[in-house]
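The values are calculated or read from the model by the stated rules, or taken from the named source; none is laboratory data. What you see is a predicted model; the values in this text were computed from it and never measured. Every residue, glycine as well, gets a Cβ built from its backbone with ideal geometry; the counts of neighbours run over all protein chains shown.
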């Protein structure tokens, strides 16, 4: 690939290295900024999910009491977080590989 061109599947470090190595290609600089934004967004979402889950767990008895459910049904609240986290982990991993 000629110098200054950005290919599919390049990592963030490679794109940033091209953008800062004197390559005046707007495409390389734009992709480096975009890759950084994607990385920050994915990181923020991952931290937010963990934060929300730690807030929900202590509230399960109150949720159970307020909705009049059994403990086994209330346990699905935490299971839902785990299921969503398991389903989105490969997606975030693929986004990290691409961008």
- Query: Among the residues of region 60-77, is there at least one that is surrounded by 11 or more Cβ atoms within 10 Å (Cβ to Cβ), under 27 Å from residue 41 (Cβ atoms), under 17 Å from the mean Cα position of the chain (by Cα) and free of Cβ contacts under 8 Å to residues at least 60 places away in the same chain?
  - Reply: no
- Query: Out of (1) touching a residue at least 12 places away in the same chain (Cβ under 8 Å); (2) loosely packed, with under 12 Cβ neighbours inside 10 Å, what's the single condition that is false for residue 56?
  - Reply: (2)
- Message: Being modelled with pLDDT of 85 or more and loosely packed, with under 14 Cβ neighbours inside 10 Å is the requirement here; does residue 94 meet it?
- Response: yes
- Query: How many residues, within region 15-55, are under 20 Å from the mean Cα position of the chain (by Cα) and modelled with pLDDT of 60 or more?
  - Reply: 25
